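Notes for the one structure printed next.
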Amino acid sequence: MSLRIFVPRDAGAVAVGADEIASRLEQTAARRGVTTEIVRTGSRGLYWLEPMVEVATANGRVAFGPVGERDVESLFEAMLDNTPHPRRLGITDEIPWLKKQTRLTFKRCGIIDPRSLEDYLAHDGYRGLERALTQSADGILAEVAASGLRGRGGAGFPTGIKWKTVAQTRADRKYVVCNADEGDSGTFADRMIMEGDPFVVIEGMTIAGVAVGATKGYIYIRSEYPHAVEAMNAAIAAARRSGHLGSRIGGSEHSFDLEVRVGAGAYVCGEETSLLESLEGRRGIVRAKPPLPAHKGLFGRPTVINNVLSFAAIPFILAGGAKAYAEFGTGRSRGTMPIQLAGNVRYGGLFETAFGITLGELVDQVGGGTLSRRPVRAVQVGGPLGAYFPRALFDTPFDYEAFAARDGLIGHGGIVVFDDTVDMSRQARFAMEFCAIESCGKCTPCRIGSTRGAETIDKIRAGERVSENIALVEDLCNTMKFGSLCALGGFTPYPVISAIKHFREDFGPTPGRLQAAE
Ligand SMILES: Cc1cc2nc3c(=O)[nH]c(=O)nc-3n(C[C@H](O)[C@H](O)[C@H](O)COP(=O)(O)O)c2cc1C
Ligand code: SF4
């Protein structure tokens, strides 16, 4: 009898004891003399069940979770004898939360060993690059455009158009840059895929290099992600050894190589031009556009800069064809979105699904409501610059246009849930304060406006000339929205205005109510 056990090495699982579980399992196997292979995988994304341990059986993998150190002995017994256990969740693929998903980008995450190129290849890895290498650059660009893929970093810009612009710009050298700064509150999909399936990011970037004629790429990872840095560096080294990176990749005439760069912890360094400044060794300050990075980006050369998830979607598109990807979704939002449920939510984690599911379905059914078991009052979608949605807007379909029509954005797909104890005037103040702290300082509406905004919201919260000061905040938001150089100052008004609009009662008495009281 031998066992094959899977324990995640994902930072989220490690934070709740996955490393200790793995070593306990090893000790138990040695003591009992049972031949056991422990494979360290990524996470499946069901974070409330981490550490989630799986064992290979004739019927597929069986999951157990959340596993504590004290469970290990009995768990090992149950795995050996295939007997019931209180932590047993059943066949992993049959767990409803996983089964309801459409995993195109995350299909291997939590399944393969992220340190093993062989495992990646055995699970359809590098099929996309293989097919790309049989096509012309124009053929690859047409495929990406036809897939309808839009940037998953926040702005939702069509990836095919961006790549075509770089491909058509003449230069002696071009670059591909992966934005792994992932600063949005409640988001972790970039981290998860870099830790759980790093080769898919490398493959996507390599295809971009082939399509636009770039020979060098950089992955800019935030310093708070040491596990992702380690996983990406290990995968880059393995890809180089196998000839998937370096000169004449896959026996073709194309060369492409990658390097990891670690950021120093500024939200604004996720903004693409600021990121390029930082990559070049300078302070992260936003550059005025034009020129676009596609024309004049890193070191003044044409540069494709995309989010981790945008690159990670590419291998599926090239391997399966644009149609297979575009088949999913709704309207101009094609394919799937890896949605991240966080905050005060019962079932927090990564849920990849086709665009079109409603916000209410995501929060109530998928997320299971709040962890505190109190009513959901608000959700913030799209990071710190995203709008707050009340229950009344829970029928909004998760797609770029539907959210924009309701003065919101889906951004990087993060949903942060709040219960009825939240004070929305405090959240509005927080948005202004966040902007003031993170502002790069280049333009006045953001640098000064955010500080004045926080001060004025303080006055409102203190009950000082409430209506007058609310009008002042609204006016200030208008200036920030239309006068800021980048979306940090330009989008901070979204959480502020949505909080005032949908939760006015948290900002003090309205004039009408005052009169009624008198
Ligand atoms: C303040 C600010 C922070 C941003 N942070 C990120 C980030 O952490 N990750 C990211 O991919 N995009 C971020 N963006 C968006 C990028 O500027 C850019 O649109 C994106 O990297 C392009 O890739 P995509 O087309 O694949 O989305 C940020 C934008 C702003 C204004
Ligand atoms: S909006 Fe803020 S972060 Fe953006 S350029 Fe202006 S000062 Fe810098």
If R0 = 25 Å, then A58 and E230, at their Cβ-Cβ distance, give a FRET efficiency to the nearest 0.05 of 0.15
Taking r as the C-beta separation of T83 and E130 and R0 as 41 Å, the FRET efficiency to the nearest 0.05 is 0.40
Report the trypsin sites (Lys or Arg not before Pro) located in the range 434-518 that are in a DSSP loop and have at most 14 other Cβ atoms inside 10 Å of their Cβ, or state none. R465
Determine the per residue accessible area of the chain with all protein chains present and a 1.4 angstrom probe, expressed in square angstrom. 40 Å²
If you place +1 on the Cβ of every Lys and Arg, -1 on the Cβ of every Asp and Glu, and leave all else neutral, what size is the dipole of the chain about its Cα centre, to the nearest 20 Debye? 1000 debye
Between the range 254-328 and the range 206-245, what is the separation of their alpha carbon centroids in Å? 12 Å
Per residue Cα convex hull volume for the range 8-54, in cubic angstrom? 61 Å³
Of every Cα-Cα pair in the range 102-164, the percent that sits beyond 21 Å: 41 percent
Rule-of-thumb check for the range 197-281: C-alpha Rg over 2.2 N^0.38 Å? 1.13
S252 and T444 label points (each 7 Å along its Cα→Cβ direction) are spaced in nm at 5.1 nm
Restricting to bridges with both residues inside the chain, how much of the DSSP beta-bridge set is antiparallel, in percent to the nearest 5? 50 percent
Once every DSSP H run of n ≥ 4 in the chain is given -39500 (n - 2.57) and the sum is divided by its residues, what mean residue ellipticity at 222 nm do you get, rounded to the nearest 500 deg cm²/dmol? -12000 deg cm²/dmol
Check which residues have an amide H placed less than 5 Å from S43's amide H, if you skip close sequence neighbours. D10, G110
Return an integer: the convex hull volume of the alpha-carbon atoms of the chain, in Å³ per residue. 148 Å³
Members of K216/K296; K296/K323; K442/K501 lying beyond 23 Å, as alpha-carbon distances in this model show: K296/K323; K442/K501
Percent carbon-and-sulfur accessible area, the range 124-210, ignoring ligands, DNA and RNA, probe 1.4 Å: 47 percent
Using every pair of alpha-carbon atoms in the range 151-191, split the distances into 5 Å bins beginning at 0 and state the percent of pairs per bin, rounded to integers. 5, 16, 24, 20, 16, 11, 5, 2, 0
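The values are calculated or read from the model by the stated rules, or taken from the named source; none is laboratory data. Bear in mind that the values here come from a model prediction, so they are computed numbers and not experimental data. Cβ atoms come from the backbone with ideal geometry, glycine included; neighbour counts cover every protein chain shown. For the accessible areas, the whole protein counts, side chains as well, though only heavy atoms, and no ligand, DNA or RNA atoms are used. Shrake-Rupley method; radii C 1.70, N 1.55, O 1.52, S 1.80 Å.
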